[in-house]
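Novice: Below is one structure. I have some questions about it.
The values are calculated or read from the model by the stated rules, or taken from the named source; none is laboratory data. Everything numeric here is computed off the predicted structure, so don't read it as measured data. FYI the Cβ positions are ideal-geometry reconstructions off the backbone, even for glycines, and counts take in every protein chain you see. Note: areas computed on protein heavy atoms with side chains; ligands, DNA, RNA excluded. Shrake-Rupley method; radii C 1.70, N 1.55, O 1.52, S 1.80 Å.
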Amino acid sequence: MADLSIFFDESGKNQDKPHLMGALSIPNNIYSLPTFEELKPVISEKEIHWKNYDGDSKERKIITKIIKTMLDHYQFVKMNVIYYDQSIIEEKSKNFKDVDENLCDSTIYMKLPERIVYGLIRNYGRLSNINAQIIIEEATEYKKVNVKLKEQLPKQLNIQAIYRGENFKITHSRYASKGIEVGLESTDILLGIIRTIVTNPSFTSRKKKSQIRLIMNLLKDERFFAFMKQIKYYEWSNSHQLTEISFNNYLQLFMSNNYSLYME
C-alpha cells in the first residue's frame, strides 16, 4: 500500500497573467521524515511568497532550505502544472450566463484541479493501490458554494478511478493556511519559479534580478535541474484538450538568457 500527500496551489490569480495551477505529490513516509518536520517552525516564523522575494537574505535562506530538503528525495516527488488562459474561459462563459452565471469559476476551480491531480495518481499499475490525501492552500474562491473544492475534488477523482479502472483512492482532502505545510510552501515556491522561467523576464527591477539570480543558483545543483526537467507542464488556450509542452525547452531558453548569472 502506497500513500501519497498531494499539495495543490496556484500562481497568478485573477488578472495577474500568466495563470498557473500546480500540484506536488510526495510519499507520506518521506514527507514525515525529520528533515521535513524540522522545517515547520521555519515556515511558521516568516511568511514566504515568491512574488515578493526581492533579495532578502533571510528569505533566500528559507527558500533554499525548503528546496534543498525536497531535493534530497526528488526522485520520489512529482509535479504537474497547467497554464491556462483565464480570459478565454471568462469570454466563453458569458454565453452561459442565462443558465449558470458561475460557470467560469466552476470551470477553473473544478475541471483544471481535477486534471492536475489525476495526472499525479494515474497509471500506477494493476498491482498498486494508492491512497492519497489532498492538501489545498486555503483561499476564499475554493470555498464558494458553486466550487467547494475540498469536497468536489476528491469526489470527482474517485469517480475517475472507478470509471477508468485506476487503482487509487482519495481518502481525505483539507485546506491549510500559509506557514503550516512544508509541501504547500514547496508548491508555492516552485510555481513562482516556474512562472519566472516561463515568462523569462529581463532585469527590469531589483526584485526580478534577485529572483532570477536565485533560480540560476539553484540550477547549479544538478538535482534541481533534473527535477525541473521532469515536471509535467501543460498549456490550455482554446482547445478541447491540454497540450503537453517540454518544460526543458522553457528551461533552456531561460538559462541561456541568464547565462552570465549562471557563471557567477
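Novice: So, for segment 157-236, what is the accessible surface per residue at a probe of 1.4 Å, expressed in square angstrom?
Specialist: Per residue, segment 157-236 has an accessible area of 42 Å².
Novice: How high is the FRET efficiency between D3 and K148 when r is their beta carbon distance and R₀ equals 25 Å, given to the nearest 0.05? Before the final figure, lay out the partial values.
Specialist: Values: r = 25 Å, r/R0 = 0.98.
So, using R0 = 25 Å, E works out to roughly 0.50.
Novice: Sort all Cα-Cα distances of the chain into consecutive 5 angstrom bins from zero, then give the percent of pairs in each bin up to the one containing the longest distance.
Specialist: 1, 5, 13, 17, 19, 17, 14, 8, 4, 2, 0, 0
Novice: May I ask you to order 216-223, 149-156 by the average number of other C-beta atoms within 10 Å around their residues, highest value first?
Specialist: Working: 216-223: 15.4, 149-156: 17.8.
With the highest mean Cβ count within 10 Å placed first, the list reads 149-156, 216-223.
Novice: Same structure, new question: Per 10 Å bin from zero, what fraction in whole % of the C-alpha pairs of segment 1-146 is there, up to the bin with the longest pair?
Specialist: 9, 32, 33, 19, 6, 0
Novice: So how much slack lies between R206 and N238, counting 0.36 nm per residue of separation and subtracting their Cα-Cα distance, in nm?
Specialist: That pair, R206 and N238, stretches by 8.0 nm at full extension.
Novice: May I ask you to rank H240, H19, H73 by accessible area, largest first, using a 1.4 Å probe over the protein chains only?
Specialist: Values: H240 170, H19 5, H73 35 Å².
Largest accessible area first, the residues go H240, H73, H19.
Novice: Students often check this: by mean Cβ neighbours within 10 Å, which of 170-177, 226-233 ranks highest, and how do the rest follow?
Specialist: Working: 170-177: 15.0, 226-233: 17.6.
Going from most to least packed, we get 226-233, 170-177.
Novice: While we're on this one: Give me the percent of the accessible area of segment 119-163 that comes from carbon and sulfur atoms, probe 1.4 Å, all protein chains in place. Mind dumping the intermediate values first?
Specialist: On the way: 1250 of 2520 Å².
With neighbouring chains kept in place, the figure for segment 119-163 is 49 percent.
Novice: Give the residue list of GluC sites (Glu not before Pro) in segment 54-103 that are DSSP loop and have at most 13 other beta-carbon atoms within 10 angstrom. Intermediate values should be presented prior to the final figure.
Specialist: Details: sites: E59, E90, E91, E101; in loops: E101.
Taking segment 54-103 and a limit of 13 other Cβ atoms within 10 Å, the loop GluC sites (Glu not before Pro) found are E101.
Novice: Another one. To the nearest 0.05, how large is the calculated FRET efficiency for E90 and I159 if R₀ is 25 Å and r is the Cβ-Cβ distance?
Specialist: Details: r = 27 Å, r/R0 = 1.08.
With R0 = 25 Å, the Cβ-Cβ based efficiency is 0.40.
Novice: Cα-Cα over 28 Å: which of K150/K232; K178/K209; K58/K169; K61/K144? Provide the component values of the computation, followed by the final result.
Specialist: Working: K150/K232 23 Å; K178/K209 25 Å; K58/K169 40 Å; K61/K144 36 Å.
Pairs exceeding the cut-off: K58/K169; K61/K144.
Novice: Which FRET efficiency, nearest 0.05, do E141 and E37 yield, Cβ-Cβ r, R0 35 Å? Please list the in-between numbers first.
Specialist: Values: r = 30 Å, r/R0 = 0.87.
E between E141 and E37, to the nearest 0.05, is 0.70.
Novice: By how many nm would the segment from E264 to A226 lengthen if fully extended, with 0.36 nm per residue of separation less the alpha-carbon distance? Don't skip to the end; give the middle numbers.
Specialist: Working: separation 38, 0.36 × 38 = 13.68 nm, distance 2.07 nm.
Length gained, E264 through A226: 11.6 nm.
Novice: Grab the DSSP H runs of the chain that are 4 residues or longer, score each as -39,500 (n - 2.57), total them, divide by all residues and round the 222 nm result to the nearest 500 deg cm²/dmol.
Specialist: Values: 13 runs with 122 residues, N = 264.
So the helix-based figure for the chain works out to -13500 deg cm²/dmol.
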